[in-house]
Amino acid sequence: MTYKPIDDGPDWTFDLLDTYHQEIARVAEHYRLDTYPNQIEVITAEQMMDAYSSVGMPIGYAHWSYGKKFIQTEQTYKRGQMGLAYEIVINSDPCIAYLMEENTLPMQALVMAHACYGHNSFFKGNYLFKTWTDASSIIDYLVFAKNYVAKCEEKYGIDEVENLIDSCHALMNYGVDRYKRPQRISMFEEQKRQQEREDYLQSQVNELWRTIPKGEDQETHDRPRFPTEPQENILYFIEKNAPLLESWQREIIRIVRKVSQYFYPQRQTQVMNEGWATFWHYTILNHLYDEGKLSDSFMLEFLQSHTNVVYQPPYNSKFYSGINPYALGFNMMVDIRRICENPTQEDKQWFPEFAGSNWLDTLHFAMQNFKDESFISQFLSPKLMRDFKLFTIVDKQKSPHLEVGAIHDEMGYQQLRSALSAQYNLSNHEPNIQVYDVDIRGDRSLTLRYIPQGGIPLAGSKQEVIKHLYRLWGFKVRLEQVDETGKVEQIAQCPETEGE
Amino acid sequence: MAHFIDRRLNGKNKSTLNRQRFIRRYKKQIKKAVSEAINKRSVTDVSSGESISIPQRDISEPTFHQGKGGDRELIHPGNDQFSTGDKIQRPPSGQGGGGGEGEASDQGEGQDDFVFSISKDEYLDLLFEDLELPNLQQSQLDKLMQMKTHRAGFCNDGMPSNLDIVRSLKGSMARRIAMTSSKRRELKELEEELANLLAEPVPPQQKIIDIEQRIEILKAQIAAVPFIDNYDLRFRNYERRPHPTSKAVMFCLMDVSGSMDQATKDMAKRFYILLYQFLTRTYKDIEVVYIRHHTQAKEVDEQEFFYSQETGGTIVSSALKLMDEIIQERYAQGDWNIYAAQASDGDNWADDSPQCTQILSSKLLKTVRYYAYIEITTRAHQSLWREYQGVANAFDNFAMQHIRSVEDIYPIFRELFKKNKDKQSAA
């Protein structure tokens, strides 16, 4: 290969960015990375802080909590406690990626490979994103949401809207449909439908809460439960059934729910998404280097930063804060390639389906059809567990000691793998709380049930959240806990005193 | 394909609205912090914002999440010593042990305060809001005029030292071009004709001589146009315009006798701060003179002014005398805008009050632009108030008000600084 490197800066220009982008795009195509068109925006550090605090939404409705995040970001950044991320990328079509002005040219190239081809192809290819998010309409939807919230603030007052959004945010994680595929509609349809929905919803609610007596003999003790099945999407349930809400309030609940739904896949694919993007920036830039397109100093700077990103501190390091998703994801991707290209006896035994197969096919397959939980339980190899020196700590409440459950040895591999996979199962650390019952004939009180896993109780914040729920529902709200024996115990209610 | 978009020129303040929302929401806490901070602040410190701290617990956003306890299995990397079945002592609760809440970063229960800074403008807004009015009303008080020299274009006449050489030479060049152009055109034509005639096989001598003569005349005429003339001269012009002076001095007079307690002084301090802020909106440089008095007056620094305690009787005229002396000594040139604010609880030695009127009417009120007297007391007025009422009726630039509690300060402040209006009714 001829060594004819592209100018490596360190200062970048738009022309140079474009040159690098073209090279990266060429290599990405070579590896069959299918992406949305890229829209690369160069921004300043201050703008990056703005982007940060709006939790990655390019346009957001106004709310104090984003202001709080902004102030926090600003404080920590100014005190030098935190550097800013090099990039933010948005799951939209075209895919928007932010490059920060301050970065050097090698960093910009890294970010382009990482975000514009890594994350972007993941957004386009992964089944969760395909099912739950609609990249082409998200920007339009956010614009609609922002304008709608602003309109409501004008009409009903900032406080009113703010309180409502506070309550919705408290329940945001319970605003996700896990099984139903949401509709794909554009902003204009959304606006049109919004009006129709308003009228329709209100009429439905009225039907449910109809007070005209139906004849006395219908008053029975074994009234049917409502909802007939427990509902996990609490916000959806409230949007459709809360008796006292006005239609604009239902619409705002819907907005928060939609945003939550949009981010849901990201929460489930952190390891894969980052691993995939990191793997590709690494592979693409090395490919370019092998072609002689990148200078040595470029490579050194790139490798230095790459190494920092994928560093996994051990459990006893002062830098340790859990497993680094970049490190785990990147190493798993590299490991899959290794298993395909140079399988050992052990690999053949553990991964007969793909050991020795085409690595690119296998990686694409893995990217498209898994989420963190299933990805780990399918692809985490014994070699990687040894490399990471993984071990589990079993913390049983009744035992006076912590116990080492499994380590990276023959006996422990299976257990380690399922434990790590479980650690990435959202439902294992998001408390399982569902709408259980509404007393539609009586005091209209709403009952939720918490089913603990492994006897882990809810944290003290539950009382506060129940207050928010009460604000939305308008009538008494109870939270019950069901233990392993099926015994039901009330753990919170709002209002707190009986008989009010 | 990719587009590159340069967004750097877009506003960077996308979060401003959200930040304002945050401040709006926590106004109560922030206001509390601001009003606590005001007592720590120096009167003359208006350039800085304020650092605000709010308990973390007040601003947390609650969500359902798992608490401590129960059974869990957690994975860690970097095993260097453990094998299956090892028993480990539980780490003391409070550090480490928890785990499992990797994502629940903002649910911290009662950690440090949330500390952030607000800008100067936000600070002032909050400060004045505490007093229940959004913004200060700009007073139209006349200011002292001072003549100041400004450049005012160019003129044809002036002192040699104001001569603008470049402009003058430009004028000269233009004049020369204008005055000679027809002659030079003719000269050029004649020279061409002469050359043509000379080139002919038989040059017509007479014609050549005529042309040569004409050329001589033209050359002489061109040379006679002066290089520089009086018309060309341009002088920088200056004119003197009246200019409000931006220097002001603010006299703070306060009774520090035993009857003035710290709460009363804090109220007075708020008043002085307001006055100072108000003056900074009009004047660039402000000096503050602190005069405290009991039976004797003394010029002190701010710290001593607000926080030292004295006992004894009260003779107000001592402070007025001192103020007059200081004005004579330091601020007499006439380009100072002098303001004075006197705070007192109304006590004065009865025989002294007429003397105060005397000093005010004969000396001070002739030099000061505005003199405000505030009486901070819940009791009945005494002799000083009655004396000052007479002064207020006689002079436009004297105003007096009665403050009972903190809430009164701002409305009264505004009342005082309404332009020469309602004076009589206020008194």
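Values in this text are rule-based calculations from the coordinates and carry no lab data. Bear in mind that the values here come from a model prediction, so they are computed numbers and not experimental data. All Cβ positions, glycine included, derive from the backbone under ideal geometry; neighbour counts span all protein chains shown.
Structural remarks
- Stokes-Einstein diffusion of region A:1-43 at 10 °C, 1.306 mPa s viscosity, Kirkwood radius from Cα pairs, rounded to a whole number: 131 µm²/s.
- Per-residue average of Cβ from other chains inside 10 Å of B:364-371: 0
- With Rh defined as the Kirkwood radius, the inverse of the mean 1/r over Cα pairs, the Rg/Rh of region B:160-237 is 1.25.
- Residue order, fewest to most surrounding Cβ atoms within 10 angstrom, among A:Trp276, B:Trp385: B:Trp385, A:Trp276
- Within straight-line reach of A:Lys155, meaning a Cα separation under 24 Å, sit the following lysines at least 8 residues removed in sequence or on another chain: A:Lys146, A:Lys192, A:Lys240, A:Lys258, B:Lys14, B:Lys27.
- Here A:Lys383 is the anchor, and the lysines within straight C-alpha reach of less than 27 Å, apart from those fewer than 8 places off in the same chain, are A:Lys318, A:Lys348, A:Lys371, B:Lys87.
- Counting only other chain Cβ atoms within 10 Å of each residue's Cβ, the peptide A:394-407 averages 6.
- Between region B:248-267 and region B:52-78, the alpha-carbon center distance in angstrom: 50 Å
- Listed by chain and number, the aspartates and glutamates whose C-alpha is less than 17 Å from the C-alpha of B:Lys219, apart from same-chain residues fewer than 8 away, are B:Glu186, B:Glu189, B:Glu191, B:Glu192, B:Glu193, B:Asp210.
- Over chain A, relative contact order from alpha-carbon pairs under 8 Å, at least 6 apart, %: 16 percent
- Two-decimal ratio, region B:192-283, of alpha-carbon radius of gyration to 2.2 N^0.38 Å: 3.45
- Taking the convex hull of Cα positions in region A:310-428, its mean projected area over all directions (nm²): 8.4 nm²
- For region B:245-426, the alpha-carbon coordinates run over 39, 34, 31 Å along the three principal axes, in decreasing order.
- Equivalent ellipsoid semi-axes - Cα gyration tensor, region A:397-500, angstrom: 37, 14, 12
- Separation of the alpha carbons by more than 27 angstrom is noted, of A:Lys467/B:Lys68; A:Lys130/A:Lys467; A:Lys69/A:Lys396; B:Lys247/B:Lys321, for A:Lys130/A:Lys467; A:Lys69/A:Lys396.
- Expected-Rg normalisation [2.2 N^0.38 Å, Cα atoms] applied to chain A: 1.11
- Neighbour-limited loop hits for chymotrypsin sites (Phe, Trp or Tyr not before Pro), region B:218-273 (at most 15 other Cβ within 10 Å; DSSP other than H, G, I, E, B): B:Phe227
- Per-residue Cβ neighbour rank within 10 angstrom, fewest leading, A:Asp177, A:Asp8, B:Asp80: B:Asp80, A:Asp177, A:Asp8
- Order of A:His468, B:His402 - criterion: other Cβ atoms within 10 Å of each residue's Cβ, fewest first: B:His402, A:His468
- Rounded to 5, the percent of DSSP beta bridges in chain A classed as antiparallel: 65 percent
- Mean residue ellipticity at 222 nm, helices only, chain A: -16000 deg cm²/dmol; runs of at least 4 DSSP H residues each add -39,500 (n - 2.57), and the sum is divided by the number of residues.
- Computed magnitude of the charge dipole of region B:160-237 (debye, nearest 20; Cβ of K, R +1, Cβ of D, E -1): 640 debye
- Theoretical FRET efficiency, 1/(1+(r/R0)^6), r = Cβ-Cβ of A:Thr19 and A:Thr131, R0 51 Å, to 0.05: 0.85
- Shielding by partners, peptide B:302-315 (average Cβ within 10 angstrom, other chains): 0
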